[in-house]
Amino acid sequence: MSEQILILFIFVLAAFVGFEVISKVPSLLHTPLMSGTNAIHGIILLGGMLVLAAADSVLVQAFGFIAVIFGSANVFGGFMVTDRMLQMFKKKK
């Protein structure tokens, strides 16, 4: 049980640090940052799927499922926003 509490602590700490880091980035750097986070969330999505495939308890399955859902939402949402922003730079005919 203590290992699961440690994993939950690391998850909460990572969420807090991520929020604090992202909230300090100026708006000019949001697009390159979003491209980088798309790549990182692709890795998180892959890791969540690997955890979900190797899960042997309900808690680990729940964390793997949550990681896959959040990673998928961020990857697909990020690509949609990036595509929309790239459309803004195309020449209009």
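The values are calculated or read from the model by the stated rules, or taken from the named source; none is laboratory data. On a predicted model such as this, the values are computed, not experimentally measured, just so you know. Cβ: placed from backbone, ideal geometry, glycine included. Neighbour counts: every protein chain shown. Protein only, heavy atoms only, side chains kept; ligands, DNA and RNA dropped before computing areas. Shrake-Rupley method; radii C 1.70, N 1.55, O 1.52, S 1.80 Å.
Taking segment 43-93 as the range and being within 22 Å of residue 28 (Cα to Cα) and touching a residue at least 40 places away in the same chain (Cβ under 8 Å) as the test, the residues that pass are 78, 79, 81, 82, 85.
Return yes or no: is residue 63 more than 19 Å from residue 80 (Cβ to Cβ) and within 15 Å of the chain's Cα centre (by Cα)?
On the way: more than 19 Å from residue 80 (Cβ to Cβ): yes; within 15 Å of the chain's Cα centre (by Cα): yes.
Yes.
Only a single criterion out of (1) outside any helix (DSSP H, G or I); (2) open to solvent by less than 80 Å² (accessible area, probe 1.4 Å) is not satisfied by residue 92, namely (2).
Among the residues of segment 67-88, are any surrounded by 12 or more Cβ atoms within 10 Å (Cβ to Cβ), modelled with pLDDT of 85 or more and among the aromatic types (Phe, Trp, Tyr)? For segment 67-88, residues surrounded by 12 or more Cβ atoms within 10 Å (Cβ to Cβ), modelled with pLDDT of 85 or more and among the aromatic types (Phe, Trp, Tyr): present. Look at segment 8-24: where a residue is of a type in the set (Phe, Trp, Tyr), no partner that is open to solvent by 80 Å² or more (accessible area, probe 1.4 Å) and modelled with pLDDT of 95 or more sits 6+ places away or on another chain with Cβ atoms under 6 Å. Taking the criterion of being surrounded by 10 or more Cβ atoms within 10 Å (Cβ to Cβ) and in a helix (DSSP H, G or I), the residues of segment 55-66 that qualify are 59, 60, 61, 62, 63, 64, 65, 66. In segment 19-43, the residue that is nearest to residue 81 (Cα to Cα) out of those that are open to solvent by less than 70 Å² (accessible area, probe 1.4 Å) and of a type in the set (A, V, I, L, M) is 34.
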